[in-house]
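Just below is one structure, and these are the notes that go with it.
The values are calculated or read from the model by the stated rules, or taken from the named source; none is laboratory data. Please read these numbers as outputs of a predicted model, since none were measured by experiment. Using ideal geometry, Cβ is built from the backbone for each residue, glycine included, and neighbour counts are taken over all protein chains shown. Accessible surface is based on the protein model in full, side chains and every heavy atom, while ligands, DNA and RNA are left aside. Shrake-Rupley method; radii C 1.70, N 1.55, O 1.52, S 1.80 Å.
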Amino acid sequence: MPPRPKVPFALHPSLHLRANLDAPDVSRALLTPDGGLARVSRLASGTGGSLDFHPRPDAPAARALPAPERGWWDAVDVSRDGSRWAAMSERWVGDRRVGHVVVGDRDRDALRVDLDVPRGGPITLNHQSQSAPLVALSPDGERVMLLASIDERSAIVAVDVVRGTAETRALDAAHADVFALAWGGDGGFYTASTSLGAKGGVARWSDDLTAPARRWEWAAGGALAP
């Protein structure tokens, strides 16, 4: 008899439990397109933990990356074919918080990108314990978008994986409450805000990722689905 799920819901009879894992200190989990699992853990102290990649949800980690000293992993995303991943971490340098982005390939030890970036810019909504993930990797794995903060101003960081560069763009007041970010099936980059009206909504950004090119002002929320 398979183990009962350790979560407070009942499975529909048409669904079958594939894995049931103990996950101490795990703050985020992502099922990857190739059937694996990426897990982000963060210790109760607020720092530490690791980023673990499992080839299957019930298999041991094939790769584990410890959090930076005096730091923690925030979020991870995986390309559509599962071959590339991107993750953001943060750490304290003195009394200053610094962000860091890494991009790697599933079958390659060396990192494609390993750069310091501005600190993360999470926004919580309706008293949630944590924000939406701050990392969005494009379907082809060539661009990464991060939600960051510069001097208390919201910002978007665009990472070019091929060039290994990152460019930060501060958001103006009309777009400063971005909560969720994702790449769409059309190859475009989308953001969703926490509020409605003239300073909120869903936006599709220009192809050069410099500014929103189209907006739907009366659509807001806490997640975006590609």
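Whether a residue is more than 14 Å from residue 205 (Cβ to Cβ), in contact (Cβ under 8 Å) with a residue 40 or more places away in the chain and of a type in the set (D, E, K, R) was assessed, and residue 140 passes this test.
Sub-7 Å Cβ pairs linking a first residue in the stretch 167-189 that is touching a residue at least 24 places away in the same chain (Cβ under 8 Å) to a second residue that is among the basic types (Lys, Arg), at least 6 apart or interchain, are 173/199; 174/199; 177/199, ordered by first then second residue. Residue count for the stretch 174-185 satisfying the condition of being part of a loop (DSSP other than H, G, I, E, B) and modelled with pLDDT of 90 or more: 1.
With open to solvent by 40 Å² or more (accessible area, probe 1.4 Å) and not in a strand (DSSP E or B) as the only criterion, which of 43, 30 stands out?
On the way: 30 fails: not in a strand (DSSP E or B).
When all the criteria are applied, what remains is 43.
Applying the criterion of being at pLDDT below 85 and either under 26 Å from residue 106 (Cβ atoms) or over 26 Å from the mean Cα position of the chain (by Cα) (or both) to the residues of the stretch 6-16, the residue that is surrounded by the most Cβ atoms within 10 Å (Cβ to Cβ) is 11. For beta carbons closer than 7 Å, sequence separation of 6+ or different chains, a first residue in the stretch 66-78 that is in contact (Cβ under 8 Å) with a residue 60 or more places away in the chain and a second that is assigned to a strand (DSSP E or B) and among the small types (Gly, Ala, Ser), the qualifying pairs are 74/89; 74/120; 75/87; 77/86; 77/136.
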